[in-house]
Amino acid sequence: MKKLLNKSMKAFVLYAGIVLACSIPAYYAIVDFIWEHELKEHNRIMSEATRQNLQAMSLSDTELNEAVLLWNKLRPETQLQQVETARPDSTYNIYRKNKYIPSKGWDRFQGLVTYFPINGKTFRLTQEANMEESHETIIAIAAVAFVFFMILLGGLIFINRKISEKLWLPFYSSLQKIKTFDLHRPEQIRFEPTTTEEFEALNHHLEKLIDGNIAVYKQQKEFTQNASHELQTPLSIVKFKLDLLYQSKPLSEEQSGIINDAHRSLSKVTRINKNLLLLAKMENSQFNGKEVIDLSALVASHVVLLEDFLEDKQLTVQLQLAPDVSLSGNKVLVEILLTNLIMNAVRHSIPEDTIRITLTPARLEISNTGAATLDEKLLFRRFGSSSPNTTGTGLGLAIVRQICQLHGWKEQYLFKNNLHIFTVTWA
Amino acid sequence: MKVLLIEDERQLADSIIRYLSGENYVCEHAASYQQASEKIELYEYECILLDLMLPGGDGLQLLDEIKKQHTDTGIIIISARDAIDDKIKGLQTGADDYLAKPFHLSELSARIYSVIRRRKFQNSNILELNELKLDLLAKTVHVHQQEVILTRKEFDLLMYFLGNQNRVISKNALAEHLSGDVADMLDNHNFVYAHIKNLKRKLGEAGCDNYLKTIYGTGYKWEI
């Protein structure tokens, strides 16, 4: 993923590169053209001067021959030769090896050939001028273009940074705030005021969206808690009335059975209600107290506490507890977590089964025998695995998950070697 | 023995009064902070049952008031607020016990019995009932001056029955008493039966009369 600013930056740099690259041949063509034009003019002037001077000197034939000989020796860039017939003037552009300084290699010359008469004889004058070689021109121009490209690039990066620091600052600050926002721990987000219209609009709408979400979330949480509280009293009334009914005489065995069944269902409702309340309280962060818990001792004492149920089903518990495992957490919640996990194993075990509880410094593992794997997604969801025919509320494992989330631990279900394995990892 | 019930919900109050009046309790009722405050000023009670959520004032404040005026009254908080904080605050302020709604009436009765026992017989924690003699502090039981060794749960059950004499108690209530919240997570409560069987056997072997009757197959009653 690229940053927004880098995206536009890339396009700018690419464009600048292309323009500068295209400028190299253009500059070369212009420079070369001007140069050639100037040299042609220079040659023309020189040729004309030579012609006029020679014609004005009105030398004799002998003198002329001597002068031409001397001329050709002294001025290597020109050549004066007698020819049969005059032809139209012409120019040429030629590369030639340097005769006098071989290390210079090839040189480029611009030449002009003119014809004029002296003493009735036709002379051909070749006037040459040294011209910069094409590749040298190109290299020089390319080097300059590259230097400017680098300056441009550096400038773009610098300006880009300045822009991102200043112009986009409110945007990044808003982004940071949204990143740290957590609906479970809602703190009112207030964005920094900005003078940019778009950012102001963005912040305003984000604030509205977040506030709306917080309000709805709060309402929902409060609703659960209020509903659970409201249910406590009628539940108590029903329970009391059943208790009173149980005292009335005469009561047949059938009636007593009905009362018992009613009690049993009432217990389930009560328990669901309590668990919903517990979940709501956890969501409302009403469990803040943390202390260091001696988990080894707590697990051991919990198993003793539940021994009635173990005996009832004739279950064996294999305890493997590492000594002195301690953990920072809310003691009430950790006790609930242990109860829920162990009771979950007890309830789903067949009689005379073995439950294994393993505690290491990093995790707690509770397993019982099972036939087939269970759906982990449903398992930890509220009412995800409840069934009408059991006393389970379908909330026990959801509570386990919530407690783990609250403490930053990880809950996990695995099915291996015909074992349902529930693991809580904290390290 | 006089008990004051401070509870604003009419139906709940009626049920509690009805259940308790069958025992040896005289039960008075206050439905608001004001009423409760007046009654506390005027009368002495063995035990006060206090609902924390009251119209006209905070229950915890009332608790303070009671503690100042009646140092030897037993106080049991009965609250729909199952908040740990309330429980701790209540017990720290001087309540003897805390019961979260909903609970079984037999549970309440047993708690009242225990609290009054503890308050009344501060010096001698001995409870005598015909041939039975219980030491509440040492948690020992004697039948005809001969010690019967009971487990902690069996002793708990015995106290529970004594707090609910001549009442039918359901196995449900006993299971909840013995195991608290965990009880209703299980489909059957056979473990209650096992403990009661042991208690009956131990008392019977020591020569105690059979006061503990099984009623309707699923309930129990301590008959005297």
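Values quoted throughout were computed directly from the atomic coordinates according to the rules given, and no laboratory measurement underlies them. Keep in mind that what you see is a predicted model, and the values were worked out from it rather than measured. Because the Cβ atoms are built from the backbone with ideal geometry, glycine has one as well, and the counts that use them run over all protein chains shown.
Some notes on this structure:
- Over 32 Å (Cα to Cα) - which of A:Lys218/A:Lys241; A:Lys73/A:Lys121; A:Lys179/B:Lys101 fall in this group: A:Lys218/A:Lys241; A:Lys179/B:Lys101
- Since only B:Asn198, B:Gly180, B:Thr71 are under comparison, the one whose Cα sits farthest along the positive direction of the charge dipole of chain B, derived from C-beta charges on Lys, Arg, Asp and Glu, is B:Asn198.
- For chain A, relative contact order (Cα pairs under 8 Å, six or more residues apart, normalised by length) works out to 10 percent.
- For the set B:Lys120/B:Lys221; B:Lys2/B:Lys171; A:Lys239/B:Lys171, the pairs lying more than 22 angstrom apart at their alpha carbons are B:Lys120/B:Lys221; B:Lys2/B:Lys171.
- GluC sites (Glu not before Pro) within the range A:46-91: DSSP coil, no more than 12 neighbouring Cβ in 10 Å: A:Glu84
- Going by neighbour counts of Cβ atoms within 10 Å, the residues B:Asp64, B:Asp72 line up, fewest first, as B:Asp72, B:Asp64.
- Length-normalised contact order of the range A:291-425 in % [C-alpha pairs under 8 Å, at least 6 apart]: 23
- Ascending count of other beta-carbon atoms within 10 Å, so fewest first, for A:Ser228, B:Ser79: B:Ser79, A:Ser228
- Net charge contributed by nearby residues that have their C-beta within less than 15 Å of A:Arg108 (K/R +1, D/E -1): -4
- Nonlocal amide H pairs with A:Ile355, under 5 Å, H built at 1.01 Å: A:Thr316, A:Val317, A:Gln318
- For the range B:134-204, the percent of C-alpha pairs falling in each 10 Å distance bin, counted from 0 to the bin holding the largest distance, reads 18, 50, 27, 5, 0.
- Label sites at A:Gln412 and A:Leu70, each approximated as a point 7 angstrom past Cα along Cα to Cβ, lie 10.7 nm apart.
- Charge dipole (Cα centre; +1 on Lys/Arg Cβ, -1 on Asp/Glu Cβ; no other charges) of chain A amounts to roughly 260 debye.
- Derived scalar couplings ³J(HN,Hα) [the range A:76-84; Karplus, 6.51 cos²θ - 1.76 cosθ + 1.60; whole Hz; x for Gly, Pro]: x, 7, 10, 9, 10, 9, 7, 10, 6
- Whether the range B:2-120 is rounded, prolate or oblate, judged on the alpha carbon gyration tensor where a/c under 1.5 counts as rounded: rounded
- Cα-centre dipole for the range B:126-222 with unit charges at Cβ (Lys and Arg positive, Asp and Glu negative), debye to 20: 220
- Computed lengthening from A:Leu4 to A:Thr62, 0.36 nm per intervening residue step minus Cα-Cα distance: 12.4 nm
- Nearest-0.05 FRET efficiency for B:Glu205 and A:Thr360, computed from C-beta distance (R0 56 Å): 0.75
- Other residues lying with their Cβ under 13 Å from the Cβ of B:Ser32 contribute a combined charge of -4, Lys and Arg counting +1, Asp and Glu -1.
- Label reach from B:Ser32 (point 7 Å along Cα→C-beta): in the range B:2-18, amide nitrogens under 17 Å belong to B:6-11.
- Tensor-based shape of the range A:251-300 (alpha-carbon gyration tensor, a/c under 1.5 rounded, otherwise prolate or oblate): oblate
- Spin-label model, B:Arg10/B:Asp135: points 7 Å from Cα along the beta carbon direction are separated by 5.1 nm.
- Taking amide H as placed 1.01 Å from N in the peptide plane, A:Met131 has its amide H under 5 Å from the amide H of A:Arg108, A:Phe109, A:Gln110, each at least 5 places away in sequence or on another chain.
- Average beta carbon contacts from partner chains per residue of B:97-106, 10 Å cutoff: 5
- Sparsely packed loop sites in the range B:119-224 (the chymotrypsin sites (Phe, Trp or Tyr not before Pro) outside DSSP H, G, I, E and B with at most 13 other Cβ atoms within 10 Å) comprise B:Phe121.
- Within the listed set B:Ala110, B:Ala194, B:Ala100, the residue fluctuating most in the Gaussian network model of chain B (springs between alpha-carbon atoms under 10 angstrom) is B:Ala194.
- Gyration tensor (alpha-carbon) shape descriptor, the protein assembly as shown, a/c threshold 1.5: prolate
- Residues of the range A:115-152 with amide N under 12 Å of the 7 Å Cα→Cβ point at A:Ile94: A:126-129
- In plain terms, the residue of B:Leu174, A:Leu406 with the fewest other Cβ atoms within 10 Å comes first and the most crowded comes last, giving A:Leu406, B:Leu174.
- For the protein assembly as shown, the antiparallel share of DSSP beta bridges with both residues in that region comes to about 75%.
- Other-chain or far-sequence residues with amide H under 5 Å of B:Leu5's (modelled H): B:Glu28, B:His29, B:Ala30, B:Leu49
- Candidates A:Asp308, A:Asp353, A:Asp89, ranked by Gaussian network fluctuation over chain A, Cα under 10 Å, top entry: A:Asp89
- With a 10 Å cut-off around each Cβ of A:260-271, the average count of Cβ atoms from other chains is 4.
- FRET efficiency, 1/(1 + (r/R0)^6) with R0 41 Å, evaluated for A:Ile350 and B:Asn166 via beta carbons: 0.50
- The calculated FRET efficiency for the pair A:Asp324 and A:Lys377, based on their C-beta separation and a Förster distance of 25 Å, comes to about 0.10.
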